[in-house]
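A.B. asks: Structure incoming, see below.
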Amino acid sequence: MSRVLALVSAASLLAAPLQSQDSLVARERRRADSLLSTWREAQRLADVADSLERARATAGSDTIAVGGLRIIVNPSSLPLREAAERAWPVIDSLYGSAAEDLPRYPYIFRAVDPDSGVRRAVLHVGVELPWDLDLRATSMVLLTTVTPPDFDPALADWLGAALRPALRPQDERAAVFVQLVTAPSEAVRACFLGDIARCQGVLQIGDSTGSLERLYATPAEREALVTGPFGDYFARGATALTLQNCRQHRVDACTALLRSLPPGSLPRPLAPAARMLLVRVALHAGGRDAYRRLVARPSATIGERLSSAAGMDIDSLVARWRNDALAARPKPLTLSWWASFAAIGWTAFFGFCALRSSRWRL
Amino acid sequence: MIAMFRAVLYTQWKWSRLIVVLGTVAAFAIPLLSLQGAARPDRGALQTQELLGAVQSWGALYPLLATALGLLMAIAAWAADHRGRHIHALTLPIERWRYVLLRFGAGVVLLAAPIAAVFIGSSLAVLTATLPPGLQSYSIALAVRFAFAVFVAYAVFFAVSAGTARTAGIILGLIAAVILVQVVANIANIDLNVFGAAQTVLLLGPGPLAVFTGRWMLIDV
């Protein structure tokens, strides 16, 4: 009997902290639920405020419709219709069939007098445009501010910029070529030399495990990264000693510091232009429905999405991207023939001026 | 005529040999210095940008050297005549235009030395360097460009130097007038950009100084 009593009392003693732990969990859960409901309430209020602001910004405006573009703007002399007629084919060729969804993302503009000092009401929706913009500048505005349809945060994070039509496609490709040659990364150099697996690594289209080893393969690169861009960040607090070790060429110290960085904060050796070109290559290869396929599954990996958009396996797509970039080598720094002729002409001209000098005509 | 040219060339060489020798040494050294460290075996991908940065920084010296050579050679070509108030030249049995042409030609021949030095120096620098993959050398293009820049600079300063004080005064007066017009336009708040227009005419397109602009890169992508 006394044994049973002892067991019961022991069980109750053991259960007491568990019970209190349970109440702590329940308390935290209630707090989280309360926060969630507050956040949802705030979201609703923000939506209402946005909607009211949108109504205020578009009051008394006209709507211009060209293709899938919808432009809400106050009456002005801006050549928006003509600009939209120019911009629409470019936008349509990028987004393909998904461009039909663009009416869901109208442009909201307010044409303003650029020379006027009169105070205007502050609007938080849309963009102000000076009403003396010419056709070319207005078309540029439409191309550079178009909202990509169904552009999810995962794709935006990976890309590092919004996917919009390229204003100078050849320059964009040439910029990627320059990156491949000059980026301070052995992995990028290997990609330039034809290692497609390394290309996939530096483009970060596979899984994210071991990204430090993939992006910054050599000890020198890691040391340069830690002591350069992250030098100030690691110089204070608990990491100062490890930084000192890293500066003394201790590879493990540099690696440990880089591993301690929050996920996603490791700098990418290639700028967004490289990833942008990859997406453009995929969309070009995949036809009119390519963009729709690209944004169809936001939960899939970037590699799978690109592969699905392009309708080909990822190795072939990356190889095609590399070939495109290599084919866009910038123009060599040789003088053009007309510049050579101009230099010879000017030399002859000034020489002739000297011959005609009046020095001896006394 | 050939004998006369030889005589003019010899006298001009005597007057300007220091300029030619120093210019040639500088022209030979700049490409070599711009690629210093490029042959290091431990140079990895990290150093590509540094290498291009160094080449670009040193590249600014080529147009400066071309201008300096053109200016000094033009001054040296006429210095003795100016000192003697052109009396010796007037006693020669030759028309002025032929005399000027001989002087001009002699200067061009002497300037061939620094131009050749740029070509040899840059070729040597490229041969001894280990260039990262993707980078290319432009020794010939650089030497050709340097040659054009030297000749244009030499011709401009030769023409100014061959002229009278009145000619120099007119040129200076024109420059002063342009500055004055711009200052007055600024004060009167008139939308007139004479400097910008002058810059466009002189430095862009087929302008006389266009050959001096742009990037002077011995190696690049």
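The values are calculated or read from the model by the stated rules, or taken from the named source; none is laboratory data. Note that this is a predicted model, so its numbers are computed, not measured. As a convention, Cβ positions derive from the backbone with ideal geometry for all residues, glycine included, and neighbour counts pool all protein chains shown.
A.B. asks: So, in the stretch B:117-141, how many residues would count as being of a type in the set (Ser, Thr, Tyr) and within 21 Å of the chain's Cα centre (by Cα)?
C.D. replies: Within the stretch B:117-141, residues that are of a type in the set (Ser, Thr, Tyr) and within 21 Å of the chain's Cα centre (by Cα) number 4.
A.B. asks: Could you say whether any residue in the stretch A:287-297 is of a type in the set (Lys, Arg), within 30 Å of B:Arg103 (Cβ to Cβ) and not in a helix (DSSP H, G or I)?
C.D. replies: no
A.B. asks: Kindly provide the set of residues from the stretch B:87-102 that are part of a helix (DSSP H, G or I) and surrounded by fewer than 22 Cβ atoms within 10 Å (Cβ to Cβ), ordered by number.
C.D. replies: Once the filter is applied, which keeps residues that are part of a helix (DSSP H, G or I) and surrounded by fewer than 22 Cβ atoms within 10 Å (Cβ to Cβ), the stretch B:87-102 yields B:Ile87, B:His88, B:Ala89, B:Leu90, B:Thr91, B:Arg96, B:Trp97, B:Arg98, B:Tyr99, B:Leu101, B:Leu102.
A.B. asks: Shifting gears a bit: Given the criterion within 12 Å of another protein chain (Cβ to nearest Cβ) and closer than 30 Å to B:Leu52 by Cβ, identify the matching residue among B:Leu102, B:Leu135, B:Leu127.
C.D. replies: B:Leu135
A.B. asks: Criterion first (aliphatic (A, V, I, L, M), under 19 Å from the mean Cα position of the chain (by Cα) and within 12 Å of chain B (Cβ to nearest Cβ)) does A:Ala325 satisfy it?
C.D. replies: Answer is yes for this residue.
A.B. asks: Which members of the stretch B:103-137 meet the condition of being part of a loop (DSSP other than H, G, I, E, B), in contact with a helix residue (DSSP H, G or I) (Cβ under 8 Å, 6 or more places away or on another chain) and touching a residue at least 12 places away in the same chain (Cβ under 8 Å)?
C.D. replies: Once the filter is applied, which keeps residues that are part of a loop (DSSP other than H, G, I, E, B), in contact with a helix residue (DSSP H, G or I) (Cβ under 8 Å, 6 or more places away or on another chain) and touching a residue at least 12 places away in the same chain (Cβ under 8 Å), the stretch B:103-137 yields B:Pro132, B:Gly134, B:Leu135.
A.B. asks: Is it fair to say A:Arg168 is more than 30 Å from A:Tyr95 (Cβ to Cβ), of a type in the set (Lys, Arg), free of Cβ contacts under 8 Å to residues at least 24 places away in the same chain and out of contact with any Asp or Glu (no Cβ under 6 Å at 6 or more places or on another chain)?
C.D. replies: No; evaluated as a whole, the condition is false for this residue.
A.B. asks: While we're on this one: Among (1) under 29 Å from A:Lys331 (Cβ atoms); (2) at pLDDT below 85, which single condition is B:Phe146 missing?
C.D. replies: (2)
Let's see how each residue does on (1) acidic (Asp, Glu); (2) more than 10 Å from chain A (Cβ to nearest Cβ); (3) under 21 Å from B:Ile75 (Cβ atoms):
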residue: B:Ile115; (1), (2), (3): no, yes, yes
residue: B:Ser123; (1), (2), (3): no, yes, no
residue: B:Val156; (1), (2), (3): no, no, yes
residue: B:Arg166; (1), (2), (3): no, no, yes
residue: B:Leu180; (1), (2), (3): no, yes, no
residue: B:Ala185; (1), (2), (3): no, yes, no
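A.B. asks: Kindly evaluate A:Ala348 against the criterion of being touching an Asp or Glu at 6+ places or on another chain (Cβ under 9 Å), small (Gly, Ala, Ser) and surrounded by fewer than 19 Cβ atoms within 10 Å (Cβ to Cβ).
C.D. replies: In short, no.
A.B. asks: Please work out if A:Leu317 is more than 14 Å from chain B (Cβ to nearest Cβ) and assigned to a helix (DSSP H, G or I).
C.D. replies: yes
A.B. asks: A follow-up question, please. Tell me, yes or no, whether the stretch A:5-23 has at least one residue that is at pLDDT 75 or above, outside any helix (DSSP H, G or I) and surrounded by 10 or more Cβ atoms within 10 Å (Cβ to Cβ).
C.D. replies: Checked against the condition, which is being at pLDDT 75 or above, outside any helix (DSSP H, G or I) and surrounded by 10 or more Cβ atoms within 10 Å (Cβ to Cβ), the stretch A:5-23 yields no hits at all.
A.B. asks: B:Phe148 fails exactly one of the following numbered conditions: (1) without any contact (Cβ under 8 Å) to a residue 24 or more places away in the chain; (2) within 7 Å of chain A (Cβ to nearest Cβ). What is the number of that condition?
C.D. replies: Single failed check for B:Phe148: (1).
A.B. asks: Would you point out the residue of the stretch A:164-202, among those that are under 22 Å from A:Arg214 (Cβ atoms) and part of a loop (DSSP other than H, G, I, E, B), that is farthest from the other protein chains (Cβ to nearest Cβ)?
C.D. replies: If we take residues in the stretch A:164-202 being under 22 Å from A:Arg214 (Cβ atoms) and part of a loop (DSSP other than H, G, I, E, B), then A:Asp195 is farthest from the other protein chains (Cβ to nearest Cβ).
A.B. asks: Which pairs have Cβ atoms under 8 Å, sit 6 or more apart or on different chains, and link a residue in the stretch A:76-101 that is within 19 Å of A:Leu135 (Cα to Cα) to one that is of a type in the set (Phe, Trp, Tyr)?
C.D. replies: Every condition considered, the pairs that remain are A:Ser76/A:Trp131; A:Ser77/A:Trp131; A:Leu78/A:Phe109; A:Leu78/A:Trp131; A:Leu80/A:Phe109.
A.B. asks: Taking the stretch B:117-153 only, how many residues are touching a Phe, Trp or Tyr at 6+ places or on another chain (Cβ under 7 Å), crowded, with 22+ Cβ neighbours inside 10 Å and either of a type in the set (Val, Ile, Thr) or within 19 Å of B:Thr48 (Cβ to Cβ) (or both)?
C.D. replies: Counting residues in the stretch B:117-153 that are touching a Phe, Trp or Tyr at 6+ places or on another chain (Cβ under 7 Å), crowded, with 22+ Cβ neighbours inside 10 Å and either of a type in the set (Val, Ile, Thr) or within 19 Å of B:Thr48 (Cβ to Cβ) (or both) gives 2.
A.B. asks: For the structure I just gave you, tell me whether A:Ala274 is more than 14 Å from every other protein chain (Cβ to nearest Cβ), of a type in the set (A, V, I, L, M), assigned to a helix (DSSP H, G or I) and surrounded by 14 or more Cβ atoms within 10 Å (Cβ to Cβ).
C.D. replies: yes
A.B. asks: For B:Ile140, are the conditions met, namely being closer than 30 Å to A:Pro330 by Cβ and facing chain A (nearest Cβ under 9 Å)?
C.D. replies: yes
A.B. asks: Condition test on A:Pro332, is it within 14 Å of another protein chain (Cβ to nearest Cβ) and outside any helix (DSSP H, G or I)?
C.D. replies: Against the criterion (within 14 Å of another protein chain (Cβ to nearest Cβ) and outside any helix (DSSP H, G or I)), A:Pro332 qualifies.
A.B. asks: Ok, one more. Answer with yes or no whether B:Ser161 is of a type in the set (Ser, Thr, Tyr) and facing chain A (nearest Cβ under 10 Å).
C.D. replies: The answer is yes for B:Ser161.
A.B. asks: Tell me which residues, restricted to the stretch B:188-221, are of a type in the set (Gly, Ala, Ser), within 12 Å of chain A (Cβ to nearest Cβ) and surrounded by 14 or more Cβ atoms within 10 Å (Cβ to Cβ).
C.D. replies: The answer is B:Gly207, B:Ala210, B:Gly214.
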